Amino acid sequence: MDQLLASAAVKQNDRRAIRLNGIHSGRWLLDRSGILTCLEETHKKKENKDATIAPMNRPTALWLRIVPAYAMGYFLSYGLRSINAVIAPELAQELNITASGLGLLTSAYFLGFGLFQLPLGMLLDHFGPRRVESVLLLVGAVGCLIFAAGDALYTLAVGRA
């Protein structure tokens, strides 16, 4: 009966039944070569594949690997956005930086952040988020080290950007 419904859908060119590479009708799939296969069997095969997930790809293990790294990256980004307001009096006193120099430090971070958005999207598409985020966290850490070692406005701005 289901085979008759599938072939009837093919003959009537039922647009609701067309999906990607084949025609679905009920529990059957008629592919382009005209072979009818039972969809219930393919679902059973998928369930068996899910049972053999590697231990490191289980949802809990995956969450424990990914979330702390992204949380650390977000914490670093949030700290870099707001730290200038906290250390502004010390920077002004020890390095003789004016208010315009403090504004330059803050704007250097946001300018670098904004200008890198389009290349970042292309890098994420090409290399994937794992590689790109790892490298960007290292670049952010190196920038923090440059800022910490800086003793002039120019060095601080390079470290912040």
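The values are calculated or read from the model by the stated rules, or taken from the named source; none is laboratory data. Keep in mind the model is a prediction, meaning the values are calculated, not measured. Counting neighbours? That spans all protein chains shown, and the Cβs are built from the backbone with ideal geometry, glycine included.
See the values below:
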| read-out | value |
| --- | --- |
| Failed condition for ALA71, given (1) closer than 22 Å to GLY143 by Cα; (2) modelled with pLDDT under 85; (3) of a type outside the set (Phe, Trp, Tyr) | (2) |
| Scope the range 71-95; condition under 18 Å from ALA149 (Cβ atoms) and either of a type in the set (Lys, Arg) or more than 21 Å from the chain's Cα centre (by Cα) (or both); matching residues | ILE83, ASN84, ILE87, GLU90, LEU91, GLU94, LEU95 |
| Qualifying positions in the range 86-112 - among the hydrophobic types (A, V, I, L, M, F, W, C) and surrounded by 15 or more Cβ atoms within 10 Å (Cβ to Cβ) | ALA88, LEU91, ILE97, LEU102, LEU104, LEU105, ALA108 |
| Cβ-Cβ under 7 Å pairs, at least 6 apart or on other chains, the range 54-66 side on the phi < 0 side of the Ramachandran plot, far side at pLDDT below 80 | ALA61/PRO55 |
